[in-house]
Amino acid sequence: MSAQPNRADLEALWLPFTANRQFKANPRLLAKAEGMHYWTHDGRKILDGVAGLWCVNAGHGRQEIVEAVSRQIATMEYAPPFQMGHPLAFELANRLVELTPGDLDHVFFTNSGSESVDTALKIAIAYQRLRGEGTRQRLIGREKGYHGVGFGGISVGGMVNNRKFFGSMLPGVDHLRHTLDLEHNAFTRGLPEWGAHLADDLERLVALHDASTIAAVIVEPVAGSAGVVLPPKGYLQKLRAICDKYGILLIFDEVITGFGRLGAPFGAQYFDVMPDIVTTAKGLTNGAIPMGAVFVRKHIYEAFMQGPENAIELFHGYTYSAHPVACAAALATQEIYRRDALLTRGAQLAKQWEDAVHSLRGLPNVIDIRNLGLVAGIELQSRTGAPGARAYDVFLKAYEKGILIRFTGDILALSPPLIIEPKQIDELVGTLAEVIRATA
Ligand code: PMP
């Protein structure tokens, strides 16, 4: 494809979560990546403010990953995962469960966040049945939740556009209210004080349906895709306590918060709340090869290991579960995280990050700023009759000015690679400030 692709060359591809016709009229093509930067098809350097899509936590072009993947693909490109194994899968599992808190010490491999979510929901329901609580089939998600795009994920998810086109979805799903409240919490630095009581929605659902019908609750510790929605102080602790009271499993969807985004390996550690199941993907392999992982606590795994030894314990899995090339990428990634102490780097940079993003307060149309670890959401006042248009303008102008950001509705999201240098934080936020002014 030439430096200036013509429209016909772009026609065959249907891009996901994209305004295709608009994109094809003004395409944005990335051709190369290294460290904190992308280079566009026509050679412009772009500072990556979103770690690709919240996944390239160790930065781009890591040679260790390149070499591990090349070596593995040359040695054994594929191994069947059913009734068979390969050493890297066990090595990776052992390594990962060292990172997880408490007894979250068994791991099931998938290929994406969406698959991790489906896997977690299925394990939760099957676990309840195995322990003699087969009536526990209801699942509870949360408004504004994003749990990928499988039918399970959109059913427990709470973003209207991801749901409304796709029929009636899974039966027996309820939603807690979301915790975003600009009236009480706008411009809070870190976790909001107001809103822990919203966890009591779970008590109301128990009163409505009875605990004996509820299998699990799934939430993102910090909701990313809906625009960086933070849990109020004490909220997750409260949710945990209510789950304990009624025998409901608590699933943390850590596809974004896993692998260092908050300055701890997982959100579970950051918040000091112990979930029963954790879903991950993205940062697991630094985005280099698709892979997801679901962690379960010991008692859940053990519940599946009670039947006859020759019986398959879980009728679930993927052709590419524990794909050898993905395992190689993940192992190399985890080694970089360990060696460069990246999973806690967010904690060191958090204060500078917070100060930097909150310096955007007072700019035109900025109505809220939310931050934690190395993630931030900047909410803009929507233009009358054109929701999302303002953030889209900022996104385009930012790309023109050399920074990549995300937007959802009129919320801008930042989540840079964890290798970001202090001066690059200033560059990212400084450029964004210019763009917000210029587009006002
Ligand atoms: N869960 C959460 C919390 C996510 O942020 C995402 C992706 N943004 C997913 C699930 C889905 O992951 P994937 O796109 O890899 O299927």
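Here the range 282-440 is treated as a Stokes sphere of Kirkwood radius computed over C-alpha pairs; at 25 °C and 0.890 mPa s its diffusion coefficient rounds to 131 µm²/s. Hey, if you put +1 on the Cβ of every Lys and Arg and -1 on every Asp and Glu Cβ in the range 14-69, which of Gln63, Phe17, Gly49 ends up farthest toward the positive end of that dipole? It is Phe17, whose Cα lies furthest towards the positive end. Scalar couplings 3J(HN,Hα) for the range 128-145, obtained by applying the Karplus form with A = 6.51, B = -1.76, C = 1.60 to θ = phi - 60°, are 4, 5, 4, 8, x, 10, x, 7, 7, 10, 6, 10, 10, x, 8, 3, 6, x Hz; x denotes Gly and Pro. Under 5 Å between amide hydrogens, built in the peptide plane, is the criterion, and for Ala216 it picks out Ile140, Leu249 among residues at least 5 positions away or on other chains. Applying Stokes-Einstein at 37 °C and 0.692 mPa s to the Kirkwood radius of the range 155-286, computed over alpha-carbon pairs, gives a translational diffusion coefficient of 210 µm² s⁻¹. Computed over the chain, relative contact order equals 21 percent, with contacts defined as Cα pairs under 8 Å that lie 6+ residues apart.
For the range 114-223, the dipole from Cβ point charges (+1 on Lys and Arg, -1 on Asp and Glu) about the Cα centre works out to 360 debye, to the nearest 20. Volume per residue for the range 236-364 equals 175 cubic angstrom (convex hull of Cα atoms). Remark: Tyr270, Tyr78, Tyr392 ranked as Tyr78, Tyr392, Tyr270, counting other beta-carbon atoms within 10 Å and listing the fewest first.
Dipole check for the chain: with +1 at the C-beta of Lys and Arg, -1 at the C-beta of Asp and Glu, and the Cα centre as origin, the magnitude is about 820 Debye. The H on the amide N of Ile403, modeled in the peptide plane, is under 5 Å from the matching H of Leu47, each at least 5 residues off or on a different chain.
Convex hull volume of the Cα atoms of the range 11-145, normalised per residue: 225 Å³. Kindly provide the helix-only [θ] at 222 nm of the chain, computed as the sum of -39,500 (n - 2.57) over DSSP H runs of four or more divided by all residues, to the nearest 500 deg cm²/dmol? Using -39500 (n - 2.57) per qualifying helix, the result is -11000 deg cm²/dmol. If you build a Gaussian network model of the chain, linking Cα atoms that sit under 10 Å apart, which residue out of Gln381, Gln63, Gln22 swings the most? Checking each option, the largest mean-square fluctuation is seen for Gln22. Of the beta bridges DSSP finds with both residues in the range 214-296, what % are antiparallel, to the nearest 5? Once the DSSP bridges in the range 214-296 are tallied, antiparallel ones form about 40 percent. The orientation-averaged projection of the convex hull spanning the C-alpha atoms of the range 336-395 amounts to 5.1 square nanometres. Database remark: amide H of Ala293 closer than 5 angstrom to the amide H of Thr110, Thr280, Ala281 (H placed geometrically; neighbours at sequence offset of 5 or more, or on other chains; Pro and chain starts carry no H). Karplus-based coupling profile of the range 70-87, in residue order and whole Hz: 4, 4, 5, 5, 6, 7, 7, 6, 7, 9, x, x, 8, 6, 9, x, 8, x, with θ = phi - 60° in 6.51 cos²θ - 1.76 cosθ + 1.60 and x standing for Gly or Pro.
Building the convex hull from the alpha-carbon atoms of the range 77-157 and averaging its projection over directions returns 7.4 nm². Rounded to the nearest whole Hz, the Karplus-based 3J(HN,Hα) values (6.51 cos²θ - 1.76 cosθ + 1.60, θ = phi - 60°) of the range 30-44 follow the sequence 9, 10, 7, 8, 7, x, 8, 10, 9, 10, 7, 3, 9, x, 7, with x at glycine and proline.
Under a Gaussian network description of the chain, with springs only between Cα atoms under 10 Å, the residue in Ser168, Ser382, Ser114 that fluctuates furthest is Ser168.
Pairs with C-alpha atoms separated by more than 23 Å, drawn from the list Lys45/Lys397; Lys397/Lys423; Lys401/Lys423; Lys233/Lys298; Lys233/Lys351; Lys144/Lys397, are Lys233/Lys298; Lys144/Lys397. Stokes-Einstein diffusion for the chain at 10 °C, viscosity 1.306 mPa s, with a Kirkwood radius from C-alpha pairs, works out to 71 µm²/s. Of all DSSP-defined beta bridges confined to the chain, some 65% are antiparallel rather than parallel.
Each value in this text was obtained by applying a stated rule to the coordinates, not by laboratory testing. Everything quoted here is computed from the prediction, not taken from an experiment. With ideal geometry, Cβ positions are generated from the backbone for all residues, glycine too; neighbour counts draw on all protein chains shown.
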